[in-house]
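The values are calculated or read from the model by the stated rules, or taken from the named source; none is laboratory data. All values reported here derive from a predicted model rather than from experimental measurement. Every residue, glycine as well, gets a Cβ built from its backbone with ideal geometry; the counts of neighbours run over all protein chains shown.
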Amino acid sequence: MNSISPRRRVVHAAVAGLALTGLLTACGGSGSKDSSSSGPVTLPFWGWANGQEAVAKAFNASHRDIKLKYTKVTDQLTMQKQLTNAVKAGNAPCLVQNTVEYVTTWVSQGALADITKYVEADKDKFNTGAWSGAQVQGKVYGVPTSSAPAFTIYRTDIFQKYGLKAPATWDDFIAAGKVLKKHGIKLTNYAGEDPSTLEVLAMQAGAHWYGIDGDAWKVNFQDAGSLKAARTIQEIIDNDLNSKLSFADYAAVQRNYDKGGTATRQISTWQMAGMVQNFTQSNGKWALSPWPTFKGEAAKTPAGTNQSGGLTLVTKQCENQEQAARAALWMSTDTGAVKTMASPATGNGVMPALADGDSYVGEAISDKLLGGNYEPGKKVVTDSLNTVTGDWTFGPDWTAMFTEMQSGWAKVVNKDQKVTDLLAHMQEWTVGDLKSRGISVKN
């Protein structure tokens, strides 16, 4: 992973060059089902991001031989459930929006098509890290759509009112939260259904939940990095510094931030889109600052769930895999499509996965939201690209593991169990789950 430029790093979906046997379950045949028909083909495309429907319409307007039939799914977690059901039923769409943490899982389940021969010639159009995220065992299963710098966004008016500065460390972050609590303001929001907070802090702290040991997977949810992350999260929860608003009512979450009920978020550019599209009271009162560090450590930002690179994946059940690959390439490289998705006003505020993605920073953040903090914000985003961790591996049962973690995370947020209890449970559960799938694993 050191071969990846620090400015272009994004988390790997798997470790290249490993024998498939034992590490992943059998994936079945790899034969293409390309149609020989000379007429136009229609490709079902599932996604959840704002702007995708407009991009699909633009694609259809500019192509006569391929048409996209776009269906909007509620969110990322819903996508995993619906795609699982569709694959089992044999009616998976040709194209699906997803993020790199799920690629190894879908490959292990035989759900994705190897599209290497259709897209390999275009790999230089993408940054190296994003392209790596589309691969498992050196084979390409999708086309990268986005990279994900990570940073803090905070309410400048609230921080100034109570004499606070943007938190440089997690200790500073917690200290600011204790001050805000005295005035009835929450520091951050932990949705009970979304344990990505635990993942991204563990990743930043140097944890490795999954790894490779010879010809087997290695699982460790209780390493030093995981416990460091757990201590930080537990202190925030124990001191009641967090809101507990569910993303199921996303509008309510946005209203809470807009009205000043919660003062900070650790986010990437794409999450700013929802703020821009929903805020009515606080535009111009937000600023960006670097992702907090652990005390005494250099800057390091995560590339995990909700911050990871995005892709358009091609499914194995697609009967027109070559056309699907071409459509995916167009959506990730056409200038108009990229600008639509990069803008928080028209799209999802994503940073493109292109080799020249840095040039889109200005597109991906909002001057409406940041006001006078817009120009400094561009530097924060650009600088954060230098600090994204690149030493994290997603396991072959990530979807199932994350689902199990969700139920435990809800108990953590509600103070029914400690973060360390959840980590201990996930250690035992994940080892057992991999073994039940016939996947080689070492304790």
Is it the case, given these coordinates, that TYR360 is of a type in the set (Phe, Trp, Tyr) and within 18 Å of GLY310 (Cα to Cα)? yes
Checked THR315, THR293, THR269 against criteria (in contact (Cβ under 8 Å) with a residue 60 or more places away in the chain and under 17 Å from the mean Cα position of the chain (by Cα)); the one match is THR269
Any residue at all in the range 134-155 that's part of a helix (DSSP H, G or I), touching a strand residue (DSSP E or B) at 6+ places or on another chain (Cβ under 7 Å) and at negative phi? no
If VAL107 meets every condition in (1) at pLDDT 95 or above; (2) of a type outside the set (Phe, Trp, Tyr); (3) closer than 19 Å to GLY138 by Cβ apart from one, which number is that one? (1)
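One line per residue, one yes/no per condition, for (1) under 23 Å from ASP215 (Cβ atoms); (2) surrounded by fewer than 16 Cβ atoms within 10 Å (Cβ to Cβ):
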position: THR403; (1), (2): no, yes
position: VAL413; (1), (2): no, no
position: GLY432; (1), (2): yes, yes
position: SER436; (1), (2): yes, yes
position: ILE439; (1), (2): yes, no
position: LYS442; (1), (2): yes, yes
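Residue by residue, here is whether (1) modelled with pLDDT under 95; (2) part of a helix (DSSP H, G or I); (3) touching a Lys or Arg at 6+ places or on another chain (Cβ under 6 Å); (4) among the aromatic types (Phe, Trp, Tyr) holds:
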{"site": "GLY336", "(1), (2), (3), (4)": "no, yes, no, no"}
{"site": "GLY347", "(1), (2), (3), (4)": "yes, no, no, no"}
{"site": "ASP358", "(1), (2), (3), (4)": "yes, yes, no, no"}
{"site": "VAL361", "(1), (2), (3), (4)": "yes, yes, yes, no"}
{"site": "GLY372", "(1), (2), (3), (4)": "no, yes, no, no"}
{"site": "PRO376", "(1), (2), (3), (4)": "no, yes, no, no"}
{"site": "SER407", "(1), (2), (3), (4)": "yes, yes, no, no"}
{"site": "ALA410", "(1), (2), (3), (4)": "no, yes, no, no"}
{"site": "HIS425", "(1), (2), (3), (4)": "no, yes, no, no"}
Out of curiosity, is THR262 modelled with pLDDT of 90 or more and surrounded by fewer than 18 Cβ atoms within 10 Å (Cβ to Cβ)? no
Considering ASP124, ASP114, which residue is in the same structural domain as ALA49 (by TED's automatic domain parsing) and part of a loop (DSSP other than H, G, I, E, B)? ASP114
Restricting to the range 320-342, count the residues that are surrounded by fewer than 22 Cβ atoms within 10 Å (Cβ to Cβ) and touching an Asp or Glu at 6+ places or on another chain (Cβ under 7 Å). 4
Out of all the residues in the range 188-232, which are more than 19 Å from the chain's Cα centre (by Cα), surrounded by fewer than 23 Cβ atoms within 10 Å (Cβ to Cβ), within 19 Å of ASP433 (Cα to Cα) and not charged (D, E, K, R)? GLY211, ILE212, ALA216, ASN220, GLN222
Being under 20 Å from the mean Cα position of the chain (by Cα) and touching a residue at least 60 places away in the same chain (Cβ under 8 Å) narrows it down to one residue among GLY377, GLY390; which is it? GLY390
Please enumerate the residues belonging to the range 427-437 that are more than 29 Å from GLU235 (Cβ to Cβ) and modelled with pLDDT of 95 or more. GLY432, ASP433, LEU434, LYS435, SER436
Going by the conditions given, is GLY284 assigned to a loop (DSSP other than H, G, I, E, B) and either among the β-branched types (Val, Ile, Thr) or assigned by TED's automatic domain parsing to the domain that holds ALA168 (or both)? yes
Within the range 114-129, is even one residue under 15 Å from the mean Cα position of the chain (by Cα) and in contact (Cβ under 8 Å) with a residue 24 or more places away in the chain? yes
For the range 174-198, which positions are assigned to a helix (DSSP H, G or I), under 24 Å from SER226 (Cα atoms) and either touching a helix residue (DSSP H, G or I) at 6+ places or on another chain (Cβ under 8 Å) or of a type in the set (A, V, I, L, M) (or both)? ILE174, ALA175, ALA176, GLY177, THR197, LEU198
